[in-house]
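Student: The structure's right below; bear with me while I get my questions together.
Since every read-out is calculated from the coordinates, none of them should be taken as a lab result. Being a predicted model, the structure only gives us computed values, none of them experimental. Ideal geometry is used to build each Cβ from the backbone, glycine not excepted, and the neighbour counts take in all protein chains shown.
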Amino acid sequence: MNVSQGRSSVILLIFFSVGFIFLIRLFTIQVIDDSYKASADDNAIRKVTEYPARGLIYDRKGKLLVYNEPVYDLMIIPKQAKNTDTAQFCKLVRITSSEYADLFRKAKNYSQVKPSIFIKQLSVETYGTLQEVLFKFPGFYVQPRTLRKYPDPMAAHLFGYIGEVDTNITKKDPYYKEGDYIGKSGIEQSYEKVLRGKRGTRTMLVDVFNREKGSFHEGKFDTSAVAGQNLTLSLDATLQAYGEKLFQNKVGGVVAIDPSSGEILACVSSPGYDPNLLVGRMRTKNYATLLFEPTKPLFNRALMAYYPPGSTFKLINDLIAEQEGVLFPNTAYYCDGGYHMGSQTVKCDARHGSLTLQMAIAHSCNTYHCYVFRSTMDQKRFKTSEEGYLNWRNHVLTFGIGKRLFSDLPQELKGNVPSVDYYDRYFGKGRWKSSTVVSLSIGQGELGITPLQMANTMCIIANKGYYYVPHIVKAISDSAGISPHFMEKQYTDVQAKYYDIVIDGMESVVESGTAAGSKIKDIVVCGKTGTAQNPHGRDHSLFVGFAPKENPKIAIGIMVENGGWGSDWGAPIATLMIEKYLRDSISRPELEKRMFEGVVLPKIYMEERLKEDKKKQEKKDSLATKAIVAERKK
């Protein structure tokens, strides 16, 4: 090969190499990289997401509790946002120039040619002002959305709240995209797929001024949004609001259930908060404020806080002992003011003398129930204390204590019934017996139970041996209805015949026993007071019960932190709620007034309240001083 031929070959090789590189680049631009196509398309067409209206929520009587309110997200395509009069723009949307720069930089980093949210949730008023002049700002357009609205500021823990999805959710569920909203807690979370509906899309033609000029291909590629399904709750809004009012200036929770169906009638956690605080552009700020409140208003005490059940647990112990054949209606034990075990004594509130079962329940005798518990554990058929305890514990679990009930409310905790392994680790294997854990007989020790579980145990006793899994949703529109799981009877292992004497004892509690001060005229309430020991302050006040005795309509479980005796706060609030539900009126206005006005707050909460009151007073004094000075100057 001569020199000229070699040069020709090199030139040809360079020519073909350059041509090949251009071909690869063209292929990349036209086929692989869609950014240029997207940029060209976005100059002429716009894909607009149609967000569906989230399902509405009603109470059991058809009252609207949660609806939707229109808001607007301001969207941006950075590549098209040129020659923007930022001063005028910032004034319209009420942001500073530095905030504009930060938002623009964030959108640009996401994509130059794809739309993203510039400002979330513009109000209707801001949108109305902006819409008239939006054509002056190329690259910007408005995306309609909806936010939740709560006409009555109650039941925040039940409803829950919605928030923007994060990357963890978008990775797990391809339905969700950046900017979507999802239920974060409460009903909004557990019924997310029912409430959310289905997104739609519209492809619109736009002119050089970014104004919509009609549908692309006459809407051939559009899909319609499908609204979410509506929910009818079992909640009685009147009873819920009443319960929250009774719990003003108190800490704790109360749950009311219809025993015949498992439908939750009220679910109060106090302190609560206005659900409207966790909606809109102020949600993040408000959430942070609530999160660091010393009273922990975001914490759902009705489902997540478990406390020693105190004397309310004696009913479960009695039923188990009857089933085990070691307790009968005429079984008598003598109380001289306490149950004595060597140098240890479980104190009783009085010297009751000789008692049988019904009166032991009526007067909440600790001594009697210590004997009952030990007779259950120490049966001769058990070779070890561990075996006797395991038998007792398995009975307790069938009452829905120490395990999740699997209601349709998220964040429900299981409470605690200590295991054999726990005591083996704590005391040493073979080194503990019934006398070691006898405090369980009066609902103390390591036992923990939630207000939801308290109410559910009352459903069990009212039904004489079974319950329906508690649930808050009564009906779902356009569907077959609620899960069959909520319509199946869940049985305990205590036979129905053993419940009558316990129910009679509960009737005596309210008629002539520890809760006699909360008796309702012409309504037979069966209940049990409880006083749970609290190592951090005053004891907790508890009450469980149901009414009426025949064909019960409502079962209730209540816990008032630092409330003292069960008869002080638990029983009065519970019976007022029972009367309100059954009669829709109150025959004991003085008791109601005392409960409304009563303040039962732990010391730390009182200190915080005093600080807040002091700040408010100082602010008032300062304003008054300024007003006086201004008046004198005149």
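Student: Determine ³J(HN,Hα), in whole Hz, for all residues of the range 229-235 in sequence, where each value follows from phi through the Karplus function 6.51 cos²θ - 1.76 cosθ + 1.60 and θ = phi - 60°; x replaces Gly and Pro.
Tutor: 7, 7, 10, 10, 8, 7, 4
Student: What length, rounded to one decimal in nm, is gained on full extension from D166 through to A496, with 0.36 nm per residue of separation minus their alpha-carbon distance? Intermediate results must be reported in sequence, preceding the final value.
Tutor: Numbers: separation 330, 0.36 × 330 = 118.80 nm, distance 5.03 nm.
Net length gain for the segment: 113.8 nm.
Student: Could you work out the per residue convex hull volume over the alpha carbons of the range 73-141, in cubic angstrom? Mind dumping the intermediate values first?
Tutor: Details: hull volume 5.0 nm³, N = 69.
Looking at the range 73-141, the number lands at 73 Å³ per residue.
Student: Additional query: Out of residues 5 or more away from K474 or on other chains, whose amide H comes under 5 Å of its own, with H placed 1.01 Å from N in the peptide plane?
Tutor: Those qualifying (amide H under 5 Å, at least 5 residues apart or on another chain) are T232, L233, S234.
Student: Going by C-beta contacts inside 10 Å, put Y371, Y339 in order with the fewest on the left. Working shown, then result.
Tutor: On the way: Y371 22, Y339 25.
With the fewest neighbours first, Y371, Y339 line up as Y371, Y339.
Student: Go ahead and estimate [θ] at 222 nm for the chain from helices alone: -39,500 (n - 2.57) per DSSP H run with n ≥ 4, summed, over the residue count, rounded to 500. Show your work: numbers first, answer last.
Tutor: Values: 22 runs with 235 residues, N = 634.
It comes out at -11000 deg cm²/dmol, rounded to the nearest 500.
Student: Along each principal axis of its Cα atoms, how long is the range 417-492 end to end? Whole angstroms, biggest number first, please.
Tutor: 59, 24, 20
Student: Quick check on the range 494-586: what are the equivalent-ellipsoid semi-axes from the Cα gyration tensor, as sqrt(5λ), descending, whole Å?
Tutor: On the way: eigenvalues 99, 56, 24 Å².
Listed largest to smallest, the semi-axes of the range 494-586 are 22, 17, 11 Å.
Student: Let me ask you something else. Can you give the relative contact order of the chain as a percent, counting alpha carbon pairs under 8 Å and 6+ residues apart? Walk me through the numbers on the way to the answer.
Tutor: Details: 1282 pairs, mean separation 83.5, N = 634.
The normalised contact order for the chain reaches 13 percent.
Student: Could I ask something else about it? How would K580, K82, K245, K433 line up from fewest to most surrounding beta-carbon atoms within 10 angstrom? Working shown, then result.
Tutor: Values: K580 22, K82 9, K245 13, K433 18.
Neighbour counts put them in this order, fewest first: K82, K245, K433, K580.
Student: So what's the Cα pair-distance distribution over the range 48-233, bin width 10 Å, in %?
Tutor: Reading the bins upward from 0: 8, 31, 33, 21, 6, 0.
Student: Amide H to amide H, which residues 5 or more places from M341 or on other chains are under 5 Å from it, using H placed in the peptide plane?
Tutor: Correct list: V346.
Student: Rounded to the nearest 0.05, what FRET efficiency is calculated for T284 and K380 with R0 set to 56 Å and r the Cβ-Cβ distance? Intermediate values should be presented prior to the final figure.
Tutor: On the way: r = 64 Å, r/R0 = 1.14.
About 0.30, to the nearest 0.05.
Student: Place +1 on the Cβ of every Lys and Arg and -1 on the Cβ of every Asp and Glu in the chain, take the dipole about the Cα centre, and give the residue among I57, N276, L103 whose Cα lies farthest towards its positive end.
Tutor: L103
Student: Treat the count of other C-beta atoms within 10 Å as a stand-in for reagent exposure and order L357, L405 from fewest to most.
Tutor: Numbers: L357 24, L405 21.
So the residues, fewest neighbours to most, are L405, L357.
Student: Report ³J(HN,Hα) in whole Hz for each residue of the range 560-576, in order, from the Karplus equation J = 6.51 cos²θ - 1.76 cosθ + 1.60 where θ = phi - 60°; Gly and Pro get x.
Tutor: Residue by residue, the range 560-576 yields 10, 4, 6, x, x, 4, x, 7, 6, 10, x, 5, x, 5, 4, 6, 5 Hz.
Student: Enumerate the amide H contacts of I449 below 5 Å, restricted to partners 5 or more residues apart or on another chain; note that Pro and chain-start residues carry no placed amide H.
Tutor: Answer set, sorted by chain and number: Y307, N416.
Student: May I pose another question? What three numbers, in Å, describe the spread of the alpha carbons of the chain along their principal axes, ordered from the longest?
Tutor: 121, 94, 46
Student: Using only the alpha-carbon atoms of the range 249-316 as identical scatterers, what base-10 log of I(q)/I(0) does the Debye formula give at q = 0.19, 0.22, 0.29 Å⁻¹?
Tutor: Those come out to -0.88, -1.03, -1.24, one per q.
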